[in-house]
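Engineer: Can you keep this structure in mind? I'll have questions shortly.
Please treat every number below as a calculation from the coordinates, not as lab data. What you see is a predicted model, and the numbers here were worked out from it, not measured in a lab. Positions of Cβ are backbone-derived with ideal geometry, glycine not excepted, and every protein chain shown enters the neighbour counts.
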Amino acid sequence: MTTPASLETLTPAAGLTITRMGYGAMQLAGPGVFGPPKDKDQAIAVLRAVVDAGLTHIDTSDFYGPVVVNELIKEALHPYPADLHIVTKVGARRDDKGAWIPSLDPADLKAQVHENLQHLGLETLDVVNLRTAALEAGSTDSLAEQFGALAELREQGLIRHLGLSGVSDAQLTEAQAIAPVVTVQNLYNLANRADDALVDRCAAENIAYAAFFPLGGFSPLQSQALADVAERLGASEQQVALAWLLQRSPSMVLIPGTSSVAHLAENIAAAGLTLPADAVSELDAIGK
């Protein structure tokens, strides 16, 4: 039997096997990723549909809500299937108005890990990404102290694998000198291609590259070329954008988010869309 495209897997160098098509849980929180969902039953239905579809990769964080999304994941899916891998992030907190507050003090990073464990109902976290506050700046500031704190928890058995989010090439190199890096999670999509070289590096080193905001995030992708290709292929613009990412690199994994079961199915179907060479050329030009 042929494996459905959505269930194609990637096993990075550190030995974690996940489906290349995953799910980003951020949108299960309320507006502005703050507070409870508008429809809790629907949110739980989406999470269960993710598992029913065979996806084994859910991206989350305690600062989604805050806490709300992790508690939803626990309510919907705990005890977790053996092959389900939950990837969480630390490095920020939320204030009482929902503002995002960078929090990279090593002691607080360790506290955040313990909080994620509690809210997800786990004794060990599969993957913890260190989220830096320098997402747009491409900072080369040292993250050794922060990543080292997480590496200590890995040695203690509280974390199985470590990743990075919002980092530069130099920061990846620095982190690798401390502990293995299983994944890099950065902003990347058809229109935002600043990470091209890092995408290629991750493929060469067998590191999963998780493109967040694969559809543009809070500013959805808009392109006539994208619309034209989608019409020609009989697919949605969102499906084409996701399919382009999967074809962009063999180590690319996707974590598109949604609070709709129907939209989830549409996203998953994108993995079965093969883009012909002429379409890829047209789409490549969007980010140049």
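Engineer: Taking 7 Å along the Cα-to-C-beta vector as the label spot, tell me the I101-Q222 distance in nanometres, rounded to one decimal.
Structural biologist: 3.5 nm
Engineer: Also: Ordered by residue, what ³J(HN,Hα) values in Hz, to whole numbers, does segment 219-225 give under the Karplus form 6.51 cos²θ - 1.76 cosθ + 1.60, where θ = phi - 60° and Gly and Pro are x?
Structural biologist: 10, x, 4, 9, 7, 5, 4
Engineer: Within straight cross-link reach of K74, meaning Cα distance under 28 Å, which lysines are found once same-chain residues fewer than 8 apart are removed?
Structural biologist: Result set, ordered by chain and number: K38, K40, K89, K97, K110.
Engineer: Under 5 Å between amide H atoms, partner at least 5 residues away or on a different chain: which partners does A92 have, H built in plane at 1.01 Å?
Structural biologist: The answer is S103.
Engineer: So, one more: Label D52 and A194 with points 7 Å out from Cα along Cα→Cβ: what is the distance between them in nm?
Structural biologist: Here the modelled spin labels are 4.0 nm apart.
Engineer: Place a +1 charge on the Cβ of each Lys and Arg in the chain and a -1 charge on the Cβ of each Asp and Glu, then give the dipole magnitude about the Cα centre in debye, rounded to the nearest 20.
Structural biologist: 260 debye
Engineer: Further, regarding this structure: So what is the relative contact order of the chain, in percent, for Cα pairs below 8 Å that sit 6 or more residues apart?
Structural biologist: RCO, the chain: 19 percent.
Engineer: May I pose another question? Report the one residue of Q156, N189, V51 whose Cα lies farthest in the direction of the positive end of the charge dipole of the chain (charges on C-beta: Lys and Arg +1, Asp and Glu -1; origin at the Cα centre).
Structural biologist: V51
Engineer: To continue, here is another question. Using each residue's phi in segment 127-132, evaluate 6.51 cos²θ - 1.76 cosθ + 1.60 at θ = phi - 60° and report the 3J(HN,Hα) Karplus result to the nearest Hz, with x for Gly and Pro.
Structural biologist: Once rounded to whole Hz, the list reads 9, 10, 9, 7, 8, 8.
Engineer: Search the structure for amide H atoms under 5 Å from the amide H of L254, placed 1.01 Å from N in the peptide plane, and list their residues when 5 or more places away or on another chain.
Structural biologist: Under 5 Å from the amide H of L254 lie the amide H atoms of M21, G22, each far enough along the sequence or on another chain.
Engineer: Projected onto the charge dipole of segment 154-225 (+1 at Lys/Arg Cβ, -1 at Asp/Glu Cβ, origin at the Cα centre), which of V199, Q171, G217 gives the Cα projection farthest towards the positive end?
Structural biologist: With unit charges placed on the Cβ atoms, the residue in question is G217.
Engineer: What's the center-to-center distance, using Cα atoms, between segment 140-194 and segment 95-125 in Å?
Structural biologist: If you average the Cα positions of each part, the centres end up 16 Å apart.
Engineer: Pairs of Cα atoms under 8 Å, at least six residues apart: use those to get the relative contact order of segment 63-214, whole percent.
Structural biologist: Rounded, it is 18 percent for segment 63-214.
Engineer: Something else now. Enumerate by residue number the chymotrypsin sites (Phe, Trp or Tyr not before Pro) in segment 195-288 meeting two conditions: DSSP loop (anything except H, G, I, E, B), and at most 13 other Cβ atoms within 10 Å of the site's Cβ.
Structural biologist: In loop regions of segment 195-288 (DSSP not H, G, I, E or B), the sparsely surrounded chymotrypsin sites (Phe, Trp or Tyr not before Pro) are F218.
Engineer: Output the 0 to 90 degree angle, nearest 10, between the alpha-carbon long axis of helix 68-77 and the longest principal axis computed from the alpha carbons of the chain.
Structural biologist: The two axes meet at around 80 degrees.
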